[in-house]
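Take a look at the structure below.
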């Protein structure tokens, strides 16, 4: 009996030993360990090691996905070195996600790689110089290790036939299991936000899914009949409500033709302003936090005296542009792929139904304003695809002040908004995006402002809250000043103020009065007598709610909102979104009615009056120069000194055949340029005030 048992054991041992020699099996084992390591970093030790039992299909999909990437090494002679490089990439991604979660709520996803070059300009805010050096050193060390192994380890003969068979076999198995899992989890994933998906289905699986889950899949029941039924469920409310708005405006006696329905609509004259406040919410919502005074007194007053309510947004701690998309377009971001930012995918290259297009038909001029670089999240391209007439990023704003982290202070937006309103004769739509309260919030004590915070929190967290509270106090002052200026303008105006998401501080939903990290607030200041009422909204409902209040019909997305007493289902939104963005566009009668606008950068014109050289210094005089105005001589960018809105200069120029002034972002993107006529001392007499030279 003992000999028989030993014989069976030796056979099993021999089979296992033979099996483990098969490279595909070893790769599967290595992949399983890598997936568990990534999951432990993401959710913690216990949750990580029980991942398989909670979601076996997702676990197997993740293991096969990692294994498939390993298989690339089977096609090269330096197999071991290539394998180590791929393994280091997976470990690096897992570690990067772990680090990222200390700064924000959203885990690492595909979209982070699409904005990586934009992040370089603000990396100094999130990492100290020492941390940057350590990160770069770690990357260089890892690459050096791979190069060393590539050189030192012997090459192996590649059996391309067997390698291809292995890769194809694992590839078919991977895609089969992966997409089987994606199909099975589809309904569950659509009802969750990004952190919930990662927590529920695992880091590697969700991270991989974020690369392939893009756009909107064709709904099973998609047809013209289905679209017609979605946008005409209640014909009685087709023209909106009657509580205030254009129909009550005595000056709204002109008519236009609605771009979708072809029916005449009244032309409104009420200025419409949306102000998206970065990371803005009332600190009083944090349970156990006490402040020396109210951090948002103006917003508190607005909340008590004007239409207001809580606002459910799709992101927390980051992801501003997804709230922005929902407000401008009226579509929930959940109709798109996992972790997708439409600013980085669809709207980057295609026009999309949005507020500016609706209001253009009412005679409005639309302006977008943002006191941060216009290249971030591709806004320089996206805004024209939303139909804006002008877009004023910080590169076109004059004399901006920065806070201690380097973010532009929001006070600059007051003059910018008023300037945009006064730059046209008729009614205006302004969408302003603030940035001052952006993280990362310092964990060190300092004198951050007049307000002091108290509470039973970790010292680093409390220091971060201290900084944050004083930033939104400044933002709240901007809100108060803007309202004062709008009131003095004596034009019919509706101004909507709302938080894009909560700040990235270490406070969970359980620690908030509102009960969710996905809740901010909105208020609607106005001087046209709108009824004071409290209604809670989702961010994708906000614009339709305002348009309906003003009696403006909007487009097919607005109709979907206003034709239903209850919030439309996600299936209805998904089907309609697929139709107007990717499908046959039955909702528009088969042809897309919106075209890319001829958008201008800056509501004010940058102009050049003259340029001349004196003592090897090139002086350029003009109007509306900013710190982003750069001088180019003979096509070469020069070190430029900003003196004022009328004067910029560059040294060490003996002569030049051509002079150009360009508005250039820190990453080198050129928004626009103007050629200057160069005068010589023989035909131009001038005096330079030495005190102006800086």
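The values are calculated or read from the model by the stated rules, or taken from the named source; none is laboratory data. Bear in mind that the values here come from a model prediction, so they are computed numbers and not experimental data. As a convention, Cβ positions derive from the backbone with ideal geometry for all residues, glycine included, and neighbour counts pool all protein chains shown.
Note on the range 406-426: among residues that are in contact with a helix residue (DSSP H, G or I) (Cβ under 8 Å, 6 or more places away or on another chain) and not in a helix (DSSP H, G or I), the one that is surrounded by the fewest Cβ atoms within 10 Å (Cβ to Cβ) is 406. Restricting attention to the range 467-493 and to residues that are surrounded by fewer than 24 Cβ atoms within 10 Å (Cβ to Cβ) and in contact with a strand residue (DSSP E or B) (Cβ under 7 Å, 6 or more places away or on another chain), the residue that is farthest from residue 422 (Cα to Cα) turns out to be 483. Residues considered: 545, 594, 578, 619. Of these, the only one that is crowded, with 19+ Cβ neighbours inside 10 Å and in a loop (DSSP other than H, G, I, E, B) is 594. Of the residues examined, residue 242 is not one that is out of contact with any strand residue (DSSP E or B) (no Cβ under 9 Å at 6 or more places or on another chain), on the phi < 0 side of the Ramachandran plot and modelled with pLDDT of 75 or more. Residue 30: assigned by TED's automatic domain parsing to the domain that holds residue 153, at pLDDT 90 or above and more than 20 Å from residue 206 (Cβ to Cβ), yes or no? Criteria met by residue 30. When 344, 362 are screened for being closer than 16 Å to residue 494 by Cα and either part of a loop (DSSP other than H, G, I, E, B) or touching a helix residue (DSSP H, G or I) at 6+ places or on another chain (Cβ under 6 Å) (or both), only 362 passes. With respect to the conditions (1) modelled with pLDDT under 95; (2) within 30 Å of residue 671 (Cα to Cα); (3) assigned to a loop (DSSP other than H, G, I, E, B), residue 564 lacks only one, and its number is (2).
Taken over the range 485-518, residues that are modelled with pLDDT of 90 or more, over 30 Å from residue 317 (Cβ atoms) and assigned to a loop (DSSP other than H, G, I, E, B) amount to 2. Can you work out which of the residues in the range 101-113 that are crowded, with 17+ Cβ neighbours inside 10 Å and assigned to a helix (DSSP H, G or I) is modelled with the highest pLDDT? My answer is 110.
Selection of the range 385-405 for residues being assigned to a loop (DSSP other than H, G, I, E, B) and under 19 Å from the mean Cα position of the chain (by Cα) yields 386, 387, 388, 393. Contact map, the range 339-353: residues that are free of Cβ contacts under 8 Å to residues at least 24 places away in the same chain paired with residues that are in a loop (DSSP other than H, G, I, E, B), Cβ distance under 7 Å, separation 6+ or inter-chain. Pairs shown: 342/336. Scanning the range 431-452 finds no residues that are within 30 Å of residue 366 (Cα to Cα), more than 22 Å from the chain's Cα centre (by Cα) and not in a loop (DSSP other than H, G, I, E, B). Being buried (at least 22 other Cβ atoms within 10 Å of the Cβ) and either touching a strand residue (DSSP E or B) at 6+ places or on another chain (Cβ under 9 Å) or closer than 18 Å to residue 109 by Cβ (or both) is the requirement here; does residue 320 meet it? Here the answer is yes, as residue 320 does meet what is asked.
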